[in-house]
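Enquirer: One structure is given below, represented as structure tokens, and several questions about it will come after.
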Amino acid sequence: MDSPSPIFVAGTGRSGTSRIADIIGEHPRIHRIPMETRFLVDPGGLRDLAEALTSRYDPIVGENALSRLSDFLTVRLPGRRDDRGKTVPELVGEQRYRDAVDRLWAQLTACTFDEPSNPNGFGNAGRLAGPFEPASRRRVLPRYFRDRRELLGILRQLIDTLFGGAAADAGKPAWCEKTPFNLLCMDFLWELVPEATIVHIKRHPVSVLASHLAQPWAPPTVDGMLAYLEPVYDRWLSWRDSTDLTGRRYVEVKAEDLAADWPGQRRALFDQLGVDDFATPSAFEPSRLLHRDDHFDPATRERIERRLGEVIPAMGYAARG
């Protein structure tokens, strides 16, 4: 088969995104970026920057977007470690990462300058500047991209350098990146990497809710989780119903189907990804999914299903009762 396309994995979270990304990365032709990089779609990342330097541009909006991206790439990512103690720069190559970020900064800025401090107070609500206040602060004037495609080309170079370089280091021709809320950013991801395949893994919404309840970063109550998930499903379904996916590399799978017939589903998945079948060391196992089935008493489950309304059938599931 030809070289596979880059892959983005998407889902609601707690739907099997990590599992399927790990398994895809076990294929000898696909390298999984082994940590959620997040700088593509999270606030302050490339998606926000693309708007700030094009359709939303003014010098203040652009400078703010560059400042947030600088913080993301030079503070947050180098300071966030995965469960093995690794950072994103370490996982894609530290020198490669530094060089790519330096090159990106130069391509996005028109000029930099020093703004002198006001002796009557500089950013301190009118208070007099103290003896230890800086004499000036560094400012940046961002570039304005009339042609959005030029900016996207620059951002694509960053992706190719970091993700493509990491895949090449692993001896593989393609990469796979997983961030759950890629789910709500597919238009941007395809704009950035038009040939990418997006793998959307689904799971029964009630099980998704139950699994979120066990996470320390999620709302701890059923009502809180409904408030968290309902807009996610609403946004996704609204987008899907208004989008023509003809010609797009889009793969939609259910975690339950993968667990019920892993060998058959694996063959179908790899075929859709443009690679030969491969007996991966890992698999989807029913026991990892079914333990959520009895998480709620019947009355609570009925209330959840009633609140989710048309979401459950729209995602391709039946109410379990």
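Enquirer: Only one of Ala166, Ala110 is part of a strand (DSSP E or B), within 22 Å of Thr74 (Cα to Cα), in contact with a strand residue (DSSP E or B) (Cβ under 8 Å, 6 or more places away or on another chain) and modelled with pLDDT of 95 or more; which?
Expert: So the residue among Ala166, Ala110 that is part of a strand (DSSP E or B), within 22 Å of Thr74 (Cα to Cα), in contact with a strand residue (DSSP E or B) (Cβ under 8 Å, 6 or more places away or on another chain) and modelled with pLDDT of 95 or more is Ala110.
Enquirer: Listed residues Arg288, Arg292, Arg301; which is among the basic types (Lys, Arg), open to solvent by 40 Å² or more (accessible area, probe 1.4 Å) and at pLDDT below 95?
Expert: Arg288
Enquirer: If Thr221 passes every condition in (1) open to solvent by 70 Å² or more (accessible area, probe 1.4 Å); (2) closer than 25 Å to Phe8 by Cβ; (3) without any contact (Cβ under 8 Å) to a residue 40 or more places away in the chain but one, which one does it miss?
Expert: Thr221 satisfies all of (1) open to solvent by 70 Å² or more (accessible area, probe 1.4 Å); (2) closer than 25 Å to Phe8 by Cβ; (3) without any contact (Cβ under 8 Å) to a residue 40 or more places away in the chain except (2).
Enquirer: Right, next: Does segment 56-78 contain at least one residue that is open to solvent by 30 Å² or more (accessible area, probe 1.4 Å) and within 16 Å of Arg156 (Cα to Cα)?
Expert: No, segment 56-78 contains no residue that is open to solvent by 30 Å² or more (accessible area, probe 1.4 Å) and within 16 Å of Arg156 (Cα to Cα).
Enquirer: Identify all residues within segment 137-156 that are assigned to a helix (DSSP H, G or I) and either in contact (Cβ under 8 Å) with a residue 40 or more places away in the chain or under 16 Å from Val88 (Cα atoms) (or both); write none if there are none.
Expert: Across segment 137-156, the qualifying residues are Arg148, Leu151, Leu152, Ile154, Leu155.
Enquirer: A further question on this structure: Out of the residues in segment 133-181 meeting the condition of being within 20 Å of Gly25 (Cβ to Cβ) and acidic (Asp, Glu), tell me which one is most open to solvent (accessible area, probe 1.4 Å).
Expert: Within segment 133-181, the match that is most open to solvent (accessible area, probe 1.4 Å) is Asp169.
Residues checked against (1) over 25 Å from the mean Cα position of the chain (by Cα); (2) touching a residue at least 12 places away in the same chain (Cβ under 8 Å); (3) on the phi > 0 side of the Ramachandran plot; (4) open to solvent by less than 70 Å² (accessible area, probe 1.4 Å):
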position	(1), (2), (3), (4)
Val251	no, yes, no, yes
Trp262	yes, yes, no, yes
Phe270	no, yes, no, yes
Arg307	yes, yes, no, no
Met315	no, yes, no, yes
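Enquirer: Of the residues Arg84, Arg103, which single one is of a type in the set (D, E, K, R), outside any loop (DSSP other than H, G, I, E, B) and either touching a Phe, Trp or Tyr at 6+ places or on another chain (Cβ under 8 Å) or surrounded by fewer than 17 Cβ atoms within 10 Å (Cβ to Cβ) (or both)?
Expert: Only one candidate qualifies: Arg103.
Enquirer: Spot the failing condition for Leu258; the list is (1) in contact (Cβ under 8 Å) with a residue 40 or more places away in the chain; (2) touching a Lys or Arg at 6+ places or on another chain (Cβ under 7 Å), and only one is missed.
Expert: With respect to (1) in contact (Cβ under 8 Å) with a residue 40 or more places away in the chain; (2) touching a Lys or Arg at 6+ places or on another chain (Cβ under 7 Å), Leu258 is out only on (2).
Enquirer: Given (1) open to solvent by 70 Å² or more (accessible area, probe 1.4 Å); (2) among the polar types (S, T, N, Q); (3) at pLDDT 95 or above, identify the lone condition not met by Asn120.
Expert: Result: Asn120 passes all but (3).
The values are calculated or read from the model by the stated rules, or taken from the named source; none is laboratory data. In this text the structure is predicted, and so the values were computed from the model without any measurement. Virtual Cβ from ideal backbone geometry, glycine too; neighbours counted across all protein chains shown. For accessibility, only protein heavy atoms count, side chains too; no ligands or nucleic acids. Shrake-Rupley method; radii C 1.70, N 1.55, O 1.52, S 1.80 Å.
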